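The values are calculated or read from the model by the stated rules, or taken from the named source; none is laboratory data. Just so it is clear, the structure is predicted and the values come from calculations on it, not from any experiment. Here Cβ is always computed from backbone atoms with ideal geometry, including for glycine, and neighbour counts include all displayed protein chains.
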Amino acid sequence: MFYRETGQFKSSYKADQAIFPLSQDRWFILFLIIIAFLVIPLTASEYLLQAVMIPLLIFSLASIGLNLLVGYAGQLSLGTGGFMAVGAYMTYKLTTAFPEINIIIVFILAGLISACVGLLFGIPSLRIKGFYLAVATLASQFFLVWMFNKVAWFYNYNSSGTITAPPRELFGITVTGPTATAETRYIVVLAIVCVFALIAKNLVRGRLGRSWMAVRDMDIAAEIIGIRPFQTKLIAFSISSFYCGLAGALMVFLWLGSAETEAFSINESFYVLFMIIIGGLGSILGSFLGATFIVCVPILLTNAPQLFGLSMPIDLQKHIEIMLFGFLIVFFLIVEPHGLARLWQIAKEKLRLWPFPY
Amino acid sequence: MEIINFLNLVFLAPFVEMVSYPIFFSEVIISGLLTGVMYSLVALGFVLIFKASGVFNFAQGAMVLFAALTLVGLMEHGFPIWAALISTIIVLIALAFVVERFMLRYLINQEDIILFMATIGLTFLIQGFGETIWGSNVKPLDLGIPSESFEVGGLLLNEFDLFAAGSGAILVAVLAVFFHYTRIGRALRAVADDHQAAMAVGIPLKNIWIIVWSVAGFVGLVAGIMWGAKSGVQFSLSLIALKALPVLILGGFTSVPGAIVGGLIIGVGEKIAEIYWGPLVGGAIENWFAYVLALAFLLFRPQGLFGERIIERV
């Protein structure tokens, strides 16, 4: 009744090609952005920001990156953790070497470096695909993490081997380091994620995104109609690594504060892959939904027993949590293999007809 | 001068060392081969399931540990070893049944990646289940196999390693016979060749899947016993099972002999690299060497050593 396109006429190509063609959608998104930028930082507790909102946004960014590669370009990759590590370590190196450069520019430079690394590790995709490629990308995961662990230059030869975010300012406000408040870090992360989500959305709607999808659906046919698989795949790898590297940099500098290579283990790669599968392959919205799901479910599972007044030994709880997590993944794949984004779409279709479905 | 010294260290010195201490070199190779057998055993489980159902079963690593953990747990509860073995096999068959009935059956005709993700979910499920029941601390697995070392012609050999290699060989032989000469084995090969044709001639696909998962579980049990006896049973070991992936690439996803040969190559390759080149870059290159080796190999032969040729139709 309230959600329908009746009466909304498009009189220009611009209006026709808008990201949100329906005014209800536009208002909803605007509402969401206002809540995210104003209401949440003012009302949310430190715990909510630090444990839920910031990781959620950072992992959304990482899953957008992986989704561009896996969901749009069809190249299965398990090297996300490695590329995130590149972003984090490069930000650390750059900002300690050149403290006067604006931290945002450092983030972007680090992203560009991880894009180059991604390009390098994307080369095998020209010969192989599918699971062979997935296993090949594991090489980047293990090699990069090992390199950051072993080569002391990357963590400035300090004895602990960890990288710690130094305090850096943006417009006179400290945004990184131990003195930065959760609210400022949240706002910075949110702003970066919004900008890059918008860029990603426009990338996949444009020529590049269409050629990715053509390669994904059938690379030989794509080649025949004039798409160069060589360039298309490599660009997909580098842009995806850019996003992942940026997410890794944000993870260390605006969320954790300090990290070791442990933080970028193979499990991280799997978590991001889960996010895009649960959220929906080939959907930017799905990346957000998937990240929300994967970040929130463990927190809910950890807190659920207390809500019901149950108490159990901590390790038993941990095991049950792992089990439930696995169960939920299998369950979701069985119920809706196309992810939460598809469920959202179905809900919207239903809503359009509601309450007179004929 | 620096450059020449570096080139010498990388390209010359290791080889000189290999030639000048041949006995040590052969010991390195033998220990590599024996690690390789372990990799092969884990990889074998992957290949069996991939061949018969096209599922890239990531949970094989978790199955290996689950099998070993169940065995150890039962033995700790006072089961004699044969009873524990039989009960573990029954548990694994039950697991195969549950997986088919509650997971695979609903995922027929889904894309490969969905099935792959489902098996990763299954990994968590098995891991959580195993740890809930048997706890997460390291359990030693003592089978009463002697692990003394002895010398043959100047070479130091370990009895346990030989035992592991021997049982690996027996397992492969038994599997080969099973696949070639039994009715079920023929049905499995038919399914692997073509699902629809197999169904058309009346092979019950669902039962076949249960059988394949059970066989893979059994292979996993053997691998788990070997790993467990060597380094204790714990779920954190499942990362080691990831090593089976480069083995698969090297040997080809669809080839049983490939899994064996690939495992041996990876085992030997990473031991040699670790011992002769590892110190140059600070060690621990075992972590990634196998993957890089497989990656380099893929560039020249994308289908692996013995894999079926990848043919594409437009």
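Structure above, values below:
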quantity: Some residue of the stretch A:83-105 being in a helix (DSSP H, G or I), more than 9 Å from chain B (Cβ to nearest Cβ) and within 28 Å of B:Val55 (Cα to Cα); calculated: yes
quantity: The stretch A:176-201, residues that are over 30 Å from A:Gln75 (Cβ atoms) and either in contact (Cβ under 8 Å) with a residue 40 or more places away in the chain or outside any helix (DSSP H, G or I) (or both); calculated: A:Thr176, A:Gly177, A:Pro178, A:Thr179, A:Ala180, A:Thr181, A:Ala182, A:Glu183, A:Arg185, A:Tyr186, A:Ile187, A:Val188
quantity: Qualifying helices (runs of 4 or more DSSP H) (wholly inside the stretch B:237-276; at least 2 residues being farther than 18 Å from A:Phe143 by Cβ and modelled with pLDDT of 85 or more); calculated: B:256-272
quantity: Candidates A:Ile235, A:Ile220, A:Ile266, filtered to the one that is more than 15 Å from the chain's Cα centre (by Cα), more than 30 Å from B:Gln127 (Cα to Cα) and within 14 Å of chain B (Cβ to nearest Cβ); calculated: A:Ile220
quantity: Pair list, Cβ < 6 Å and 6+ apart or interchain, from the stretch A:71-89 residues that are farther than 11 Å from A:Ser114 by Cβ to residues that are modelled with pLDDT of 85 or more and of a type in the set (D, E, K, R); calculated: A:Ala73/A:Arg216; A:Gly74/A:Arg216; A:Gly81/A:Glu268
quantity: Conditions (1) modelled with pLDDT under 70; (2) closer than 30 Å to B:Leu248 by Cα: number failed by B:Val28; calculated: (1)
quantity: Residue within the stretch A:284-295 that is in a loop (DSSP other than H, G, I, E, B) and over 12 Å from the mean Cα position of the chain (by Cα) present; calculated: no
quantity: Restricting the stretch A:138-169 to residues that are within 9 Å of chain B (Cβ to nearest Cβ) and of a type in the set (S, T, N, Q), the residue that is farthest from B:Phe297 (Cα to Cα); calculated: A:Asn149
quantity: Filter result for A:Ser63 (within 14 Å of chain B (Cβ to nearest Cβ) and in contact with a Ser or Thr (Cβ under 6 Å, 6 or more places away or on another chain)); calculated: yes
quantity: Test: B:Phe97 is touching a residue at least 40 places away in the same chain (Cβ under 8 Å) and either assigned to a helix (DSSP H, G or I) or within 26 Å of B:Met38 (Cβ to Cβ) (or both); calculated: yes
quantity: Members of the stretch A:140-159 found to be within 18 Å of B:Ile285 (Cα to Cα) and assigned to a loop (DSSP other than H, G, I, E, B), listed by number; calculated: A:Val151
quantity: Residue count, the stretch A:202-231 (criterion: within 24 Å of B:Glu111 (Cβ to Cβ), surrounded by 12 or more Cβ atoms within 10 Å (Cβ to Cβ) and either in contact (Cβ under 8 Å) with a residue 12 or more places away in the chain or among the acidic types (Asp, Glu) (or both)); calculated: 15
quantity: Output for the stretch B:277-291, where each listed residue is facing chain A (nearest Cβ under 7 Å) and modelled with pLDDT of 80 or more; calculated: B:Tyr291
quantity: Answer from A:Leu289, A:Leu343 - the residue that is touching a Leu at 6+ places or on another chain (Cβ under 6 Å) and more than 11 Å from chain B (Cβ to nearest Cβ); calculated: A:Leu289
quantity: Subset of the stretch B:126-140 (residues that are touching a residue at least 40 places away in the same chain (Cβ under 8 Å) and either within 7 Å of chain A (Cβ to nearest Cβ) or on the phi > 0 side of the Ramachandran plot (or both)); calculated: B:Gln127, B:Phe129, B:Glu131, B:Ser136
quantity: In the stretch A:61-81, the residues that are assigned to a helix (DSSP H, G or I) and in contact with an Asp or Glu (Cβ under 9 Å, 6 or more places away or on another chain); calculated: A:Ala62, A:Thr80, A:Gly81
quantity: Candidate set: the stretch A:1-57, residues that are β-branched (Val, Ile, Thr) and not in a helix (DSSP H, G or I); chosen: the one modelled with the lowest pLDDT; calculated: A:Thr6
quantity: Residue match in the stretch A:237-257 (condition: farther than 24 Å from A:Ile108 by Cβ and among the hydrophobic types (A, V, I, L, M, F, W, C)); calculated: no
quantity: Flag if A:Leu324 is within 14 Å of chain B (Cβ to nearest Cβ) and outside any helix (DSSP H, G or I); calculated: no
quantity: Selection from the stretch A:3-58 of residues that are of a type in the set (Phe, Trp, Tyr) and in contact (Cβ under 8 Å) with a residue 24 or more places away in the chain; calculated: A:Tyr3, A:Phe37
quantity: Meets criteria (under 30 Å from B:Ala294 (Cα atoms), free of Cβ contacts under 8 Å to residues at least 60 places away in the same chain, facing chain B (nearest Cβ under 9 Å) and in contact with a Gly (Cβ under 8 Å, 6 or more places away or on another chain)) for A:Val135; calculated: no
quantity: The stretch B:157-203, residues that are of a type in the set (Asp, Glu) and within 22 Å of B:Thr254 (Cα to Cα); calculated: B:Asp193, B:Asp194
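Rundown of residues vs (1) modelled with pLDDT under 85; (2) surrounded by 14 or more Cβ atoms within 10 Å (Cβ to Cβ); (3) touching a strand residue (DSSP E or B) at 6+ places or on another chain (Cβ under 7 Å), yes/no style:
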| residue | (1), (2), (3) |
| --- | --- |
| A:Leu300 | yes, no, no |
| A:Glu321 | yes, yes, no |
| A:Phe325 | yes, yes, no |
| A:Leu333 | yes, yes, no |
| A:Ala347 | no, no, no |
